[in-house]
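> Pasting in a structure now, in structure tokens, and then I'll have a few things to ask.
The values are calculated or read from the model by the stated rules, or taken from the named source; none is laboratory data. What you see is a predicted model; the values in this text were computed from it and never measured. Counting neighbours? That spans all protein chains shown, and the Cβs are built from the backbone with ideal geometry, glycine included.
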Amino acid sequence: MQNVVLIIHLLLALALIAVVLLQRSEGGGLGIGGGAMGPQAGRPPLTGLAKLTWGFAIAFICTSLALTVISAQQSADTSVLDRIGVQRDSAPAPSLPDLQLPPAGGDAPLLPPRQD
């Protein structure tokens, strides 16, 4: 099941790339250019490619969510270490050596005195 959804997901990604690249650049995406349309003009109606882009984008998001759900269901039982066969030991973690910290308070200077 996961392989089928993954193949559909990859095909949707390629189709989405192709449809976006086929569309005409209208400019004005960041407020730059935009042709003869003034600020009072409404948004132009969606073209067939724009509708196809929306459809591919929605389907791509749905397959992404489906792959996430499938993956979460499959990995809930075991961990990655169990799958690759790594033995876990129950020995305690090694402790860090005691650090020698300067005395608390204003006694010790942070930097040595300058020799000017």
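> Cβ contacts < 8 Å: first residue closer than 29 Å to residue 44 by Cβ and part of a loop (DSSP other than H, G, I, E, B), restricted to the stretch 1-29; second residue at pLDDT below 95 and of a type in the set (A, V, I, L, M, F, W, C), any location; separation 6+ or different chain. Result?
23/49; 23/50; 28/37
> Which pairs do you get when a residue that is under 18 Å from residue 2 (Cα atoms) and of a type in the set (A, V, I, L, M, F, W, C), found in the stretch 70-82, comes within reach of a residue that is at pLDDT 80 or above and not in a helix (DSSP H, G or I), reach meaning Cβ atoms under 8 angstrom, with the pair 6+ apart or on two chains?
Filtered contacts from the stretch 70-82: 70/1.
> When the residues of the stretch 1-56 are filtered to those that are among the hydroxyl-bearing types (Ser, Thr, Tyr) and exposed (fewer than 13 other Cβ atoms within 10 Å of the Cβ), which remaining residue is modelled with the highest pLDDT?
47
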